[in-house]
Amino acid sequence: MSDQTKQQETRSLPATFAKNEFEKDAFILRQLVTKDFKIKYRRSVLGVAWSVLNPLLMMIVMAIVFSTIFAQGRNGSITPEMYPLYLIVGNVTFAVMSESTNQALTSIVGAAPLLKKVKVHRWVFPVQKVLFSLVNFAFSLVAVAIVMLWFHVMPSWHLILLPVCLLLLMCFCMGLGLMLSALTVFFRDVMHLWSVVITAWTYITPIFWTTDFVAQMPHLVRILVYANPMYNYLQFMRDIFLFQTTPSLMTFGMCVAWAVLALVIGYTVFHKSERKFILYI
């Protein structure tokens with residue numbers, strides 16, 4: 001074999017290795033998502049239907065409780081007929097973040113037996129939890145479609161922006177998931193603290209109350225609401241589903257900024273600490 005041929009083969013090794021690693025990670029992700037899906041609906045009579053029924057039932061209960069209080073904001077921008085769709089879009093969008101981060105939180109600790117036996121990229125486990133929440137969200141969209149049909153809201157071309165919003169939201173959740181999963185390995189208190197954070201985050205996000213009330217809030221509270229990442233993602237989703245308009249540059253820019261910031265921080269924290277995981281799990 002000539003020296004030139006050897007050099008060409010040597011140069012091709014890193015690319016081949018990277019391709020094999022990517023294929024292995026993709027295979028593991030598919031297997032883990034499939035396993036979680038089967039476990040979630042195992043021995044369930046209705047099975048996947050719960051992913052549709054759950055947001056519908058939550059919407060009905062919350063609409064009954066809050067419609068008379070929050071349905072008509074200061075400027076009357078959300079009518080009683082629009083409120084159920086406003087509510088379910090906000091609820092299923094926030095649920096993606098809540099579910100994915102709660103699951104990613106313990107993903108490394110829960111995968112301890114596997115990590116001790118098999119060599120695998122550790123980031124796969126928190127990322128897999130976020131992808132699984134995306135699968136559940138896909139079923140939840142059926143519930144959103146049912147509500148749109150019930151209230152005669154015809155979809156518009158703005159729904160082509162849905163993948164853009166989901167991609168940004170997934171990046172944001174992956175960043176949070178990476179950071180939280182790494183912190184939980186060293187500080188188990190994060191599991192209890194995060195449940196408190198999610199509860200507070202629920203009330204500071206316009207899920208069941210309308211954005212018309214923001215103008216009536218104290219200045220400091222308004223700043224917290226506008227700086228809230230989920231405020232922007234919910235606004236993006238409601239623009240394309242409910243208001244049928246293109247999200248503003250401010251909304252889009254904030255969604256991109258939060259996604260990039262979360263990914264950078266999450267990856268940095270995870271990458272710098274992952275070599276020590278084996279000592280604490």
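Read the figures in this text as sums done on the coordinates, not as results from a lab. All of these numbers come straight from a predicted model, not from anything done at the bench. Please note: Cβ atoms are built from the backbone with ideal geometry, for glycine as well, and neighbour counts cover all protein chains shown.
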Query raised in the report: Taking the Cβ of VAL89 as the center, what net charge do the other residues with Cβ under 15 Å away carry, scoring Lys and Arg +1 and Asp and Glu -1?
Result: -1
Query raised in the report: What area, in nm² and to one decimal, does the C-alpha convex hull of segment 88-165 cast on average over all directions?
Result: 6.1
**Report entry** Cβ-based net charge around CYS255, under 14 Å, with every Lys or Arg adding one and every Asp or Glu removing one
**Finding:** 0
**Report entry** FRET efficiency, 1/(1 + (r/R0)^6) with R0 51 Å, evaluated for LEU161 and LYS276 via beta carbons
**Finding:** 0.80
Query raised in the report: Using r as the Cβ-Cβ distance of HIS121 and MET191, and R0 as 22 Å, what FRET efficiency do you calculate, to the nearest 0.05?
Result: 0.45
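Please identify every one of the trypsin sites (Lys or Arg not before Pro) in segment 73-176 that sits in a loop by DSSP and has no more than 10 other beta carbons within 10 Å of its own beta carbon.
Those that pass, being in a loop and sparsely packed, are LYS116, LYS117, LYS119.
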Query - Extension gain, TYR226 back to THR79 (0.36 nm per residue minus Cα-Cα distance, nm) - result: 50.7 nm
Report task. For segment 128-258, go through all pairs of different Cα atoms, get the mean of 1/r, take its inverse, and jot down that Kirkwood value in Å. Result -> 16.5
Report summary line: FRET efficiency (PHE243, ALA200; Cβ distance; R0 30 Å; to 0.05) is 0.65
Requested in this report: Give me the percent of Cα-Cα pairs in segment 179-225 that sit more than 18 Å apart, rounded to a whole number.
Outcome: 46
